[in-house]
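A.B. asks: Pasting a structure here, questions to come.
The values are calculated or read from the model by the stated rules, or taken from the named source; none is laboratory data. Remember, it's a predicted structure, so these values are computed and weren't measured experimentally. Glycine gets a Cβ as well: all are built from the backbone with ideal geometry, and neighbour counts include every protein chain shown. Calculation scope for accessible area: heavy atoms of the full protein, side chains included, ligands and nucleic acids excluded. Shrake-Rupley method; radii C 1.70, N 1.55, O 1.52, S 1.80 Å.
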Amino acid sequence: PKDQNAEQEKRRQKVLFGEHIKLAKTYDLPLIIHCRDAYNDVLDVINHFSKSDGKIPRAVLHCMSGSVEYLNKALELGFYISFAGNVTYKNANAIRELVRRTPHDRLLIETDAPLLPPQSKRGNVNEPAYIAEISAFLAKFLSMEKDIFEKMTSENSVRFFGL
C-alpha cells in the first residue's frame, strides 16, 4: 500500500503539473519549475503536454540541481536556469559545474528565501538582500566583473519575464 500510495501521489502531481503547463501556455505566462529528484518526470510531463500543439512553455528551472544531461535537455527546450545560495556551499561542485555549462544569456540568480542562504549566512533565515553575495560569488566563479555579471543577469530576467 505504501508504494501504491506513492505512485498515486506521483500521478496526481503529474496531472496538476500538466494543468499548470496548460495554463502557462494559454495565458503566455512563464513556469517556474523547482525539481528535486524527479528530473525525467518533469521533462516527460512537459513533453507530454506540449505534443498536441508543439508549443513548449516558457520556463525557468528555479534553484537548479541535477545532472548535466538534465541541464542540456532543459536548454534544448529553451529554458532559463536559475541558481540560489546553495551554489556557494563548499560541497556544491556539481551545481557549480551546471553554472559553468549554462549559457550566459540563460543564466539567472535568486535567493530562494527563506531557504538556502549563501555559505557565509548558513544557519540564518535567507533574505533577498543576500542576492548580492550570490552575485559576487558567481561573478568571481565565472571570471567576470561583478557589475557586468549583474547587468547580464538583470537583462536575462527582463527578457525572460517580458518586463
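A.B. asks: Within the accessible area of the chain, what % is carbon and sulfur when the probe is 1.4 Å and the other protein chains stay in place? Before the final figure, lay out the partial values.
C.D. replies: On the way: 5060 of 9550 Å².
That share works out to 53 percent.
A.B. asks: Same structure again: Rounded to the nearest 10 Å², what accessible area does GLU155 have for a 1.4 Å probe in the complete protein model?
C.D. replies: We get 90 Å² for GLU155.
A.B. asks: Using θ = phi - 60° and the Karplus form 6.51 cos²θ - 1.76 cosθ + 1.60, what ³J(HN,Hα) does each residue of segment 71-79 get, whole Hz, x for Gly and Pro?
C.D. replies: 4, 4, 5, 5, 5, 4, 7, x, 6
A.B. asks: Among rounded, prolate and oblate, which fits segment 44-111 when a ≥ b ≥ c are the square roots of the eigenvalues of its C-alpha gyration tensor, a/c under 1.5 means rounded, and a/b larger than b/c means prolate? Please report the intermediate quantities before stating the final value.
C.D. replies: Working: a/c = 2.43, a/b = 2.18, b/c = 1.11.
Note, shape of segment 44-111 comes out prolate.
A.B. asks: While we're on this one: Could you tell me the extents of the chain's C-alpha atoms along the three principal axes, largest first, rounded to whole Å?
C.D. replies: 46, 38, 26
A.B. asks: Sequence gap at least 6, Cα distance under 8 Å: using those rules, report the relative contact order of segment 11-146 to the nearest whole percent. Walk me through the intermediate numbers first.
C.D. replies: Values: 190 pairs, mean separation 23.5, N = 136.
It rounds to 17 percent for segment 11-146.
A.B. asks: Another one. How large is the dipole of segment 1-82 about the Cα centre if only Lys and Arg carry +1 and Asp and Glu carry -1, each at its Cβ, rounded to the nearest 20 debye? Could the numbers behind the result be given before it?
C.D. replies: Details: 12 positive and 11 negative charges, 40 e Å.
In total the dipole reaches around 200 debye.
A.B. asks: Just the C-alpha atoms of segment 87-163: what Rg/Rh do they give, with Rh taken as the Kirkwood radius? Could the numbers behind the result be given before it?
C.D. replies: Values: Rg = 12.4 Å, Rh = 12.9 Å.
Rg/Rh for segment 87-163 comes to 0.96.
A.B. asks: To continue, here is another question. Taking the solvent-accessible surface of protein heavy atoms with a 1.4 Å probe, what is the per residue accessible area of segment 34-155 in Å²?
C.D. replies: Numbers: 6350 Å² over 122 residues.
For segment 34-155, the solvent-accessible area averages 52 Å² per residue.
A.B. asks: Which residues' amide hydrogens lie under 5 Å from the amide hydrogen of LEU31, considering only partners 5 or more residues apart or on another chain, with H built in the peptide plane?
C.D. replies: Here the answer is ARG58, ALA59, VAL60, since their amide H atoms fall under 5 Å of that of LEU31.
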